[in-house]
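See below for the structure under consideration.
Read the figures in this text as sums done on the coordinates, not as results from a lab. Model, not experiment: these values are computed from the prediction. Note: ideal-geometry Cβ built from the backbone for every residue, glycine included; neighbour counts use all protein chains shown.
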Amino acid sequence: MRFAILVFPGSNCDHDAYQVVRHVLKEEAEFVWHRQDSLDGFDAVIIPGGFSYGDYLRSGAIARFSPIMQAVQAFANQGGLVLGICNGFQVLVEAGMLPGALVHNHNLRFISRMVHLKPENGGSPFTAGLDLDRTYKLPMAHQSGNYLVSPAELAELEKHGQIAFRYATREGKIVPEANPNGSCGNIAGVVNREKNVLGLMPHPERAAEAILGSIDGLALFKSMIGIS
């Protein structure tokens, strides 16, 4: 499987994603600069975390206008897999590829800590290989990860199975105490209607090797590739 890993001015998790795809999973990976306008020959796209364009205006607001994002939209429309992590999630929301909005954390502070995620359903390539009866331990590091949708939009997300992950306790309970940033419904990640685009705030690429304290993030990448 051949992955495109996008690079914007301010990206800082691009090499983390490359490390997992190329050196841990032994799949093909290539950095793609934001000024490029083609994704021909790729099977999946990763929009990594960081601070694209310094988060000027608001997170992801400028990156969405980069030439490569038109190619990402076309790629997704053709059924290609797109994974946006942290700032990548923010870019996808700003580009209108995922619903909702990502605003400042409820405490107005940058939060960097481990969290537990509960997969909501196995109906997407990103979650098909995950165990829905357990939680996954991943690190989060963001200031604008508070996911907001209207009650009507939340109902639509639930109706169409678009909630991919929720923040939970270690035991898997979806409770307010497990919500680190104030996100509506403890939502940590969502997919589009077609289930081929995922936006996720915590970092699976930072939890893919034992030395990092968790290998739970590896399961998501393996699910994308279709291996167990």
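Taken along the Cα-to-beta-carbon direction at a fixed 7 Å, the label points for His15 and Arg113 span 2.9 nm. A simple packing score, the average count of other Cβ atoms within 10 Å per residue, orders the peptides 132-140, 216-224, 39-47 as 216-224, 39-47, 132-140, with the highest score first. The slack between Asp43 and Glu156, meaning 0.36 nm per residue of separation minus the straight C-alpha distance, is 37.8 nm. Across the stretch 155-169, computed HN-Hα scalar couplings (Karplus, 6.51 cos²θ - 1.76 cosθ + 1.60, θ = phi - 60°) run 4, 5, 4, 5, 4, 9, x, 8, 7, 8, 9, 10, 5, 9, 6 Hz from first to last residue, x flagging Gly and Pro. The mean sequence separation of alpha-carbon pairs under 8 Å and at least six residues apart, normalised by the residue count of the stretch 33-75, gives a relative contact order of 54 percent. Here the label points at Leu212 and Val24, each 7 Å from Cα along the C-beta direction, are separated by 0.4 nm in the simple model. Sequentially through the stretch 126-134, phi angles give Karplus couplings (6.51, -1.76, 1.60; θ = phi - 60°) of 7, 10, 4, x, 8, 8, 6, 9, 9 Hz, Gly and Pro residues having no value and appearing as x. For the stretch 209-221, putting each phi into the Karplus relation 6.51 cos²θ - 1.76 cosθ + 1.60 with θ = phi - 60° gives couplings of 9, 4, 4, 8, x, 6, 10, 5, x, 4, 4, 5, 5 Hz, in residue order, rounded to whole numbers and with x for Gly and Pro. Taking every DSSP beta bridge that has both ends in the chain, the antiparallel portion is near 55%.
The stretch 2-225: Rg/Rh from Cα coordinates, Kirkwood Rh?
Value, to two decimals: 0.93.
How large is Rg over Rh for the stretch 106-228, taking Rg from the Cα atoms and Rh as the Kirkwood inverse mean of 1/r across Cα pairs?
0.94
For the residues Val149, Val190, Val21, a GNM of the chain with alpha-carbon springs under 10 Å puts the largest fluctuation on Val149. Rounded to the nearest 20, the Cβ-based charge dipole of the stretch 1-120 about its Cα centre (Lys and Arg +1, Asp and Glu -1) stands at 400 debye.
Which order, highest average first, do 60-69, 102-111, 115-124 follow once you tally other Cβ atoms within 10 Å for each residue and take the mean per peptide?
On the way: 60-69: 20.2, 102-111: 15.3, 115-124: 21.7.
Packing proxy ranking, top to bottom: 115-124, 60-69, 102-111.
Modelled spin labels at Trp33 and Leu132, positioned 7 Å past Cα toward Cβ, are 4.5 nm from each other.
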